[in-house]
Structure formats: structure tokens, C-alpha cells
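The values are calculated or read from the model by the stated rules, or taken from the named source; none is laboratory data. Treat the numbers as computed from the prediction; the structure is a model and nothing was measured. Cβ placement follows ideal geometry from the backbone for every residue including glycine, while neighbour counts extend to all protein chains displayed. Heads up: the accessible areas ignore ligands, DNA and RNA and are worked out on the full protein's heavy atoms, side chains in. Shrake-Rupley method; radii C 1.70, N 1.55, O 1.52, S 1.80 Å.
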Amino acid sequence: MSTTLDDSARPSAVLPQRLAALFYDAWPVLALWMLIATAFTLGYTFSGHATRENIPAYSALQWLLWLCCWVVAGVYATVSWKRGGQTLGMRPWRLHLRSLSGQPVGYAALWTRYAVATLSLLCGGLGFWWALVDRQRLTWHDRASGTRLVKLPRQ
């Protein structure tokens with residue numbers, strides 16, 4: 001995407017916009033999780049278990065299900081960021097992911113961003129709240145991955 005402003009002239013995304021984009025992105029991710037859970041449930045049911053029996057809590061299969069959900073959400077995010085710098089939730093808010101160096105963002109940085117953002121959410125969103133006190137409005141995952149979100153101008 002080409003614009004006339006360089007990244008230093010664009011304002012960084014503010015926390016409410018980041019959280020709104022995250023909320024928007026929760027919907028396609030939940031749909032993907034439902035598909036994965038359905039596949040796991042059907043596989044569990046057809047493997048000889050009773051039709052009304054759930055996958056046992058804290059079993060290896062349940063941990064595998066959660067891992068698959070986390071990976072699929074990561075694939076959704078990283079592929080979206082790599083292809084166009086935006087997820088579906090970032091588009092209405094005109095947020096765009098850029099590297100701090102100005103170079104294209106690689107998958108290693110994108111997966112680092114996703115993993116640190118996950119840890120941040122598990123800590124009550126502490127890494128997101130950090131953007132309120134950071135001079136550049138960067139979150140933990142921005143800093144760890146060498147990226148930042150910028151607000152694109154209206155067109």
C-alpha cells in the first residue's frame with residue numbers, strides 16, 4: 001500500500017482502536033475455533049466413545065485442541081499481516097502493521113508479535129495497557145517484534 005506520508009509522520013494506533021480491532025478479529029477466529037472443535041469432537045465420537053461424552057477435561061486431546069486453536073489463530077493473524085499489513089479487524093479502524101526499521105516484516109517477527117501478544121492477554125492485557133505509558137504508544141508485542149501499528153489517513 002503506497003501513501004505519501006512516511007511512517008514517522010503517521011500517528012501510532014491508540015489503545016481503544018487496537019482493542020476494537022482485537023474485538024472485531026475475535027469473530028473470525030471464533031468461527032475457526034468452532035470448526036476445529038467440531039472436527040475434534042467428531043473424531044472423538046467416531047473413535048468409539050459414546051455420542052454424548054465430551055473430550056475429558058485436562059486430557060492430552062483437550063490440550064492438543066487448544067494448541068490447534070492457538071496455531072490456527074496465529075496463522076490467521078500472521079498471514080493477514082504478511083499479505084496486506086492488516087487483519088479483518090484492523091481494516092475498519094485503518095490500522096496497518098509496519099516494521100520499525102521500514103523493512104518488510106518477516107514471519108519470525110510476526111510470530112514473535114503473536115506469541116508476545118498472547119502472553120500479554122494472559123496477563124490481563126498488561127502489554128496492551130503498556131501503550132498508555134509508552135512514549136511511542138508501543139505495546140510489548142510491538143517492541144518484541146520490532147513492529148508498530150500506524151493509523152492510515154482517510155482516503
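At pLDDT 95 or above, within 14 Å of the chain's Cα centre (by Cα) and surrounded by 11 or more Cβ atoms within 10 Å (Cβ to Cβ) - does that describe any residue in the range 44-65? No, the range 44-65 contains no residue that is at pLDDT 95 or above, within 14 Å of the chain's Cα centre (by Cα) and surrounded by 11 or more Cβ atoms within 10 Å (Cβ to Cβ). If the condition is being modelled with pLDDT of 95 or more and either aliphatic (A, V, I, L, M) or surrounded by 15 or more Cβ atoms within 10 Å (Cβ to Cβ) (or both), then the range 100-117 contributes 105, 108, 109, 110, 111, 112, 113, 114, 115, 116, 117. Screening 122, 132 for residues that are modelled with pLDDT of 95 or more and open to solvent by 40 Å² or more (accessible area, probe 1.4 Å) leaves exactly one candidate, 122. Taking (1) touching a residue at least 12 places away in the same chain (Cβ under 8 Å); (2) within 30 Å of residue 151 (Cβ to Cβ) in turn, residue 83 satisfies each apart from (1).
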